[in-house]
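This report refers to the structure that appears directly beneath it.
The values are calculated or read from the model by the stated rules, or taken from the named source; none is laboratory data. Just so you know, these numbers come straight off a predicted model, no measurement behind them. Quick reminder, even Gly has a Cβ in these numbers, built from the backbone with ideal geometry, and neighbours come from all protein chains shown. Calculation scope for accessible area: heavy atoms of the full protein, side chains included, ligands and nucleic acids excluded. Shrake-Rupley method; radii C 1.70, N 1.55, O 1.52, S 1.80 Å.
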Amino acid sequence: MRTAQRRTTLLATTAAATAALVTGGLLTAVSAQAAAGCQVAYSVASQWPGGFTGNVTVTNLGDPVSGWTLRWSYGAGQQVSQAWGATVAQSGSQVSAANVDYNGNLGTNGSASFGFNAGWNNSSNPAPTSFTLNNVACTGGTTTPTTAPPTTPGTPTNPPTTPPIPSDPPPSVPPQTGLVGWATQNGGTTGGGGAPATTVTNASALTSALNATGSAVIRVSGTISCSGMLRVRSNKTILGNSGATIVGCGLNVSGDRNVIIRNLTFRDWNDDAINVQESATNIWIDHNTFSNGYDGAVDIKRGSDFVTVSWNRVFNHDKTMLLGHSDDNGAQDTGHLRVTYHHNWFDGSKQRNPRVRFGNPVHVYNNYYRANTGYGVASTENAGVLVEGNYFENVPDTYHLGEADSGPGRLVARNNHFVNSPAGQTGGSVASIPYSYQLDTASNVKSIVTGGAGAGRITV
């Protein structure tokens, strides 16, 4: 609403598998040890309605190899949609993953990794039961790990109160493209879950579907022109089909919970593109593109909480992401406004990337900032913001304390990468991050984010 300012590889011979699978929503991990040759680890890193992220790592236990192909079959109709660190193709149930240029050669005891996104049926997602490496079957016994896996996808079991900060992983480790961050907390965020999908093609149908009670998966098709703000009720997943665009209006999540908004393009909105307010909780805003709107692209305020804003692109726009609308609203906002912003592409967006009041901790990590002429991040009104592993390029004011008439907040910055940009202003301490996450090397964030952020980069 109108308010005040400022994201493997395999080997030859025999192999072993470590498999993590999701069956009926339960994430379960098993491992296998093979004879000398290679050792393979397969895992489901994260899962959401209709999709999951898989990771595969191989260690060469035999002689050095040059070039490899790993094959496996799925038993429940899973379909791979995109991959990184390998060239992956699927025919029927069989998946083939071949090395790319940089990881085709593996020395003895050398390892490589690749990842992929895939679709599943929201009911069963069993791990592959066998693999072949260069057409040689991988065999081995199976053991169960001693650490219990999560019982809800995306939510850690017994998470540490102060988790260790991940060290920079090697560049071959793929980014997390499933749900990560604050929206995994407070029971997690599942949106419409496995509800049947309804496709809408005009403003009237979209308005009705968003405002209906009960769980729903809403698919937006084509370009929908509208005005004002469309109310979104609880337990909704809103997905954009290829090219789906909302022009002129925005989505308002007010006092409701458990909403997912993905793969949509918003432009020319006349208020906010997405507004989250009045103690709305468990919201995931992911892989959307925003441009040329009136006010905020994503504004979160009035006591809202447990929100993840990930893999979005904002360009040709001024006021990007406001967190906390007013200096006078501390009574409602303090203890809330906990948001994760990660792998977003702030592509020349002027300011509020984000602008934060009161929330603590707010986690801003692995985002790419390019030519933001106003500023990158502002921490105000006693907020606590962790600015971590971001890539700043041609940004004269990367982050600071206070903004306009708002008093200073607290800000901790670490592991950021600067290109023609200064390190910003820091001060004070920030509360610990309660969830697990993977921190990409900051110098790789530009290529990772520009290769994956925005609408049209995922299959939903």
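Assess whether Arg370 counts as being within 22 Å of the chain's Cα centre (by Cα) and closer than 22 Å to Ile448 by Cα.
Numbers: within 22 Å of the chain's Cα centre (by Cα): yes; closer than 22 Å to Ile448 by Cα: yes.
In short, yes.
Checking Asp328 against (1) open to solvent by less than 10 Å² (accessible area, probe 1.4 Å); (2) part of a loop (DSSP other than H, G, I, E, B): exactly one of these is not met. Which one?
All conditions pass for Asp328, except number (1).
Limited to region 428-460, what total is found for residues that are open to solvent by 50 Å² or more (accessible area, probe 1.4 Å) and not in a helix (DSSP H, G or I)? Steps first, please.
The initial filter retains those residues of region 428-460 that are open to solvent by 50 Å² or more (accessible area, probe 1.4 Å), namely 428-429, 432, 436, 443, 446-447, 451, 456-457, 459.
Next, from what is left, pick out any that are not in a helix (DSSP H, G or I): 428-429, 432, 436, 456-457, 459.
Summing the residues that are open to solvent by 50 Å² or more (accessible area, probe 1.4 Å) and not in a helix (DSSP H, G or I) in region 428-460 gives 7.
Kindly establish whether Ala203 is at pLDDT 95 or above, surrounded by fewer than 20 Cβ atoms within 10 Å (Cβ to Cβ) and farther than 21 Å from Gly452 by Cα. Full working, then the answer.
Values: at pLDDT 95 or above: yes; surrounded by fewer than 20 Cβ atoms within 10 Å (Cβ to Cβ): yes; farther than 21 Å from Gly452 by Cα: yes.
So Ala203 passes the test.
Starting from residues that are open to solvent by 10 Å² or more (accessible area, probe 1.4 Å) and touching a strand residue (DSSP E or B) at 6+ places or on another chain (Cβ under 6 Å), keep the ones in region 371-385 and report whichever is nearest to Ala431 (Cα to Cα).
At the first step, the residues of region 371-385 found to be open to solvent by 10 Å² or more (accessible area, probe 1.4 Å) are 371, 373-374, 381-382.
Restricting the remaining residues to those that are touching a strand residue (DSSP E or B) at 6+ places or on another chain (Cβ under 6 Å) gives 374, 381.
Details: Gly374: 27, Glu381: 15 Å.
Among residues in region 371-385 that are open to solvent by 10 Å² or more (accessible area, probe 1.4 Å) and touching a strand residue (DSSP E or B) at 6+ places or on another chain (Cβ under 6 Å), the one nearest to Ala431 (Cα to Cα) is Glu381.
Looking at region 305-325, which of its residues are out of contact with any helix residue (DSSP H, G or I) (no Cβ under 9 Å at 6 or more places or on another chain) and open to solvent by 10 Å² or more (accessible area, probe 1.4 Å)?
Correct list: Phe315, Asn316, His317, Asp318, Lys319.
Taking Arg302 as the residue in question, decide whether it is at positive phi, among the basic types (Lys, Arg) and either open to solvent by 10 Å² or more (accessible area, probe 1.4 Å) or modelled with pLDDT under 95 (or both).
Working: at positive phi: yes; among the basic types (Lys, Arg): yes; either open to solvent by 10 Å² or more (accessible area, probe 1.4 Å) or modelled with pLDDT under 95 (or both): yes.
Here the answer is yes, as Arg302 does meet what is asked.
Give me a count of the residues in region 394-427 that are under 24 Å from Thr308 (Cα atoms), in a loop (DSSP other than H, G, I, E, B) and open to solvent by 50 Å² or more (accessible area, probe 1.4 Å).
2
So which of Thr198, Thr245, Thr177 is out of contact with any Pro (no Cβ under 8 Å at 6 or more places or on another chain), under 25 Å from Ser81 (Cβ atoms) and open to solvent by 30 Å² or more (accessible area, probe 1.4 Å)?
Numbers: Thr245 fails: open to solvent by 30 Å² or more (accessible area, probe 1.4 Å); Thr177 fails: open to solvent by 30 Å² or more (accessible area, probe 1.4 Å).
The unique qualifying residue is Thr198.
Thr289: under 14 Å from Gly359 (Cβ atoms) and among the polar types (S, T, N, Q), yes or no? Steps first, answer last, please.
Numbers: under 14 Å from Gly359 (Cβ atoms): no; among the polar types (S, T, N, Q): yes.
No, not satisfied.
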